Amino acid sequence: MKILVCISNVPDTTTKVKFTDNNTKLDSTGVQWVINPWDELALTRALELKDNPASGVKGVTVAHVGPASSEPTIRKALAIGADDAIRVNFEPTEAYQVATQLAEVIKNEPFDIILCGIESSDYNGSTVGSMLAEFLNAPSVSAVSGLNVENGEATITRDIDGGKETVSVQKPFVAIVQKGIAKEPRIAAMRGIMQARTKQIKVVEPVGVSPLTELIEFEPPKPRAKCIFVDAENPKQLIELLQNEAKVI
Amino acid sequence: MSVLVFAENWDGNFKKLSFELVSYAAKVAEMTGTTATALSIGQVSDDELKKLGNYGAKKIISLKSDLLKNLDSQAYTAAIAEIAQNEGAKIIVLANNNMGKSIAPRLSVRLKAAIGSGTNKLPQSIDPFVVYRKVYSGNAFAHVKLNSEIKILTLMQNSFDPVETANEASIEEREVSIDGALVKTQVKDVQKQTGKLLLTDAEIVVSGGRGMKSPDNWGPLVELADLLGAATACSRPVSDEGWRPHEEHTGQTGKIVAPNLYIAVGISGATQHLAGVSASKYIVAINSDKDAPIFEAAQYGIVGDAAKILPQLVNAVKEVKAK
Ligand SMILES: Cc1cc2nc3c(=O)[nH]c(=O)nc-3n(C[C@H](O)[C@H](O)[C@H](O)COP(=O)(O)OP(=O)(O)OC[C@H]3O[C@@H](n4cnc5c(N)ncnc54)[C@H](O)[C@@H]3O)c2cc1C
Ligand SMILES: Nc1ncnc2c1ncn2[C@@H]1O[C@H](COP(=O)(O)O)[C@@H](O)[C@H]1O
């Protein structure tokens, strides 16, 4: 039984976001690129399952759609413990293209469980995982906060509005994961970093796909009005402001 | 041609989010010279369905198939796609919540329809069709052009005010031709939180961070929330430490909320925290450090000790209420 973890390469979450080229491109000077936090947790969970012989999980592969410049991020996933990696040599501009490429990879090399993160912290699309499942004609479960596999059978916990559901689903499936799937991301140890150097990143050429959407421009958020300070000796004034000025209580 | 809007129900009832969606769809329909049709899936009474008409839907389609009892993303996608095609819908509107996120992208592939996910405004223009959405965890926005014939929009909660209008809508119960073999998700168990205001539904949220110092200090914060009819929330370290339940964690890796008022107590305002709350209409910060980044995101602030200020706020609200 094999798990595929789809990883996106995103600016570190503390990045000060700036744009260039008339606000059409991220200014990547000084940007640290990392594995999307959700994908890192998905990978961690996949590896935890593989560590447990009773799960039946034998291999964990990571897949990424992106140019050669994202290989350091893929290497990091290998150092954390993925067995191997696939990179589709294509620079996507939107989710539909990513999902098309990933679907092609999986059609050529099937996996039992495919994990995606709930969103990339750059475009915040929340769309790749479900799109991929539709391309594969496979079921997908969203908002997954728990995944267990025993003897190859998966049990999933998903969040619903105001609670949780435990579900089972036919394989192969796509699970779109969020908070709870793993506690802390696994960190690459020295040994893992050494081993990662010899692990394989298979590079595959993309299929043709035109985008459905087009970015016109980015807009930095407008600065909020300056904070109005209320004297700590008189907190009552805050309640008055909220009631009479902001009119929110 | 029409705008199709999927109005989710909760145990047979609609809530504010459903009305926001229908009002939004009605407005988009008006902009495109057509009308809005609302789609409901599940056991919902006619009286309840009629409410969707009050928010601008001209037609209401109700699907009550047993196969759609639980969310199976493939079955739901097949059902909504079939209705969309029958209705000749050119724009499909869903909520940007768990349900919407699990269906909208599948519809996008099935109908080869571009998706504008997580929009919080009406389209900027109709021809070309340009939408506005949050990117980089709220650190920026993007103007995105949707180039396909059919378009899908998912609307962020609390970003469009419901508009009530007098309107008689027709209600049609329909069947769809989905095959039972399509349903591959089996629900084994449901654990529901009861009697608690859901964080994602709340219009006011009172949230505590590490500056609350200990899990034993939450009394006045909870009391303030109760008095304001607010939900309680917390920063990630607070839920990681087990001071508060995980459902309360807001931020990039927790819940994304957009209430009218977010009161952050003893929260420093890290970018990852702000990513989940920056869409709030008003942010209030209470923090002992005048240089805490939370004050850059807040409209109102108090520099001081939360332990002293919270009880005073509780009293102030009680006084206001007594009047
Ligand atoms: C990938 C990633 C994802 C993350 N996702 C999230 C997320 O979703 N949500 C989230 O919250 N965090 C998230 N974090 C963590 C985030 O970076 C911060 O560490 C966290 O938000 C800090 O929580 P805090 O403000 O409660 O604590 P602190 O940063 O410790 O701040 C405590 C604040 O309380 C103030 N204070 C102290 N004493 C008092 C007092 N007596 N009265 C009033 N104020 C007082 C201090 O001045 C300080 O500003 C994430 C981090 C990473 C790396
Ligand atoms: N370029 C990519 N390559 C591989 N997987 C990706 C890529 N972009 C997004 N994903 C996956 O899709 C998830 C959701 O991304 P998005 O729909 O862009 O918010 C991510 O958490 C990844 O699991």
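For the stretch B:75-89: of the residues being surrounded by 19 or more Cβ atoms within 10 Å (Cβ to Cβ) and over 22 Å from the mean Cα position of the chain (by Cα), which is nearest to B:Pro128 (Cα to Cα)? The selected residue is B:Ala89.
For the stretch B:253-267, the condition holds for no residue, the condition being that it is under 27 Å from B:Thr119 (Cα atoms), among the charged types (D, E, K, R) and part of a loop (DSSP other than H, G, I, E, B).
Does any residue of the stretch B:201-212 turn out to be more than 14 Å from chain A (Cβ to nearest Cβ), assigned to a helix (DSSP H, G or I), more than 14 Å from ligand 1 (Cβ to nearest atom) and in contact with a Ser or Thr (Cβ under 8 Å, 6 or more places away or on another chain)? Checked against the condition, which is being more than 14 Å from chain A (Cβ to nearest Cβ), assigned to a helix (DSSP H, G or I), more than 14 Å from ligand 1 (Cβ to nearest atom) and in contact with a Ser or Thr (Cβ under 8 Å, 6 or more places away or on another chain), the stretch B:201-212 yields no hits at all. So A:Ser126 ticks every box in (1) more than 9 Å from chain B (Cβ to nearest Cβ); (2) within 15 Å of ligand 2 (Cβ to nearest atom) but one. Which box is left unticked? Condition not satisfied by A:Ser126: (1). In the set (1) in contact (Cβ under 8 Å) with a residue 60 or more places away in the chain; (2) away from ligand 2 (no atom under 15 Å from the Cβ); (3) within 11 Å of chain B (Cβ to nearest Cβ), A:Lys16 fails one condition alone, (1). Among the residues of the stretch B:225-249, those that are surrounded by fewer than 23 Cβ atoms within 10 Å (Cβ to Cβ), more than 30 Å from B:Asn9 (Cβ to Cβ) and within 15 Å of ligand 1 (Cβ to nearest atom) comprise B:Arg236, B:Pro237, B:Asp240, B:Glu241, B:Gly242, B:Trp243.
Please specify each residue of the stretch A:140-157 satisfying the condition of being within 20 Å of A:Lys183 (Cα to Cα) and more than 8 Å from chain B (Cβ to nearest Cβ). Those that are within 20 Å of A:Lys183 (Cα to Cα) and more than 8 Å from chain B (Cβ to nearest Cβ): A:Val144, A:Ser145, A:Gly146, A:Leu147, A:Asn148, A:Val149, A:Glu150, A:Ala154, A:Ile156, A:Thr157. Exactly one residue out of B:Lys151, B:Lys134 is within 16 Å of ligand 1 (Cβ to nearest atom) and in contact with a Gly (Cβ under 9 Å, 6 or more places away or on another chain), and it is B:Lys134.
Of all the residues in the stretch B:79-104, those that are more than 9 Å from chain A (Cβ to nearest Cβ) and either assigned to a loop (DSSP other than H, G, I, E, B) or out of contact with any Phe, Trp or Tyr (no Cβ under 8 Å at 6 or more places or on another chain) (or both) number 12. Screening B:Ile267, B:Ile263 for residues that are within 11 Å of ligand 1 (Cβ to nearest atom), in the same structural domain as B:Leu313 (by TED's automatic domain parsing) and touching a residue at least 24 places away in the same chain (Cβ under 8 Å) leaves exactly one candidate, B:Ile267. Contact map, the stretch B:299-318: first residue in contact (Cβ under 8 Å) with a residue 40 or more places away in the chain and more than 7 Å from every other protein chain (Cβ to nearest Cβ), second residue within 11 Å of ligand 1 (Cβ to nearest atom) and hydrophobic (A, V, I, L, M, F, W, C), Cβ cut-off under 7 Å, separation 6 or more or different chains; pairs are B:Ala306/B:Met212; B:Ala306/B:Val265; B:Ala306/B:Ile286; B:Leu310/B:Val265. Residues in the stretch A:24-43 that are more than 9 Å from ligand 2 (Cβ to nearest atom), assigned to a helix (DSSP H, G or I) and more than 12 Å from chain B (Cβ to nearest Cβ): A:Leu43 only.
Pick from B:Ala113, B:Ala140: which is facing chain A (nearest Cβ under 10 Å), modelled with pLDDT under 95 and at negative phi?
One residue alone meets the criteria, B:Ala140.
Against the criterion of being within 16 Å of ligand 2 (Cβ to nearest atom), in a strand (DSSP E or B) and not small (Gly, Ala, Ser), B:Lys134 qualifies.
Among the candidates A:Val60, A:Val98, A:Val65, A:Val88, which residue alone is away from ligand 1 (no atom under 16 Å from the Cβ), in contact with a His (Cβ under 8 Å, 6 or more places away or on another chain) and at pLDDT 95 or above?
A:Val88
Among all positions in the stretch B:255-277, there is at least one residue which is under 19 Å from the mean Cα position of the chain (by Cα), crowded, with 22+ Cβ neighbours inside 10 Å, at the interface with chain A (Cβ under 8 Å from one of its Cβ atoms) and within 16 Å of ligand 2 (Cβ to nearest atom).
Within the stretch A:57-115, the set of residues being in contact with a helix residue (DSSP H, G or I) (Cβ under 7 Å, 6 or more places away or on another chain), farther than 30 Å from B:Ala142 by Cβ and in a strand (DSSP E or B) comprises just one member, A:Val60.
The values are calculated or read from the model by the stated rules, or taken from the named source; none is laboratory data. Since the model is a prediction, treat every value here as computed from it, not as a measurement. In this analysis, Cβ positions are derived from the backbone assuming ideal geometry, glycine residues included, and neighbour counts consider all displayed protein chains.
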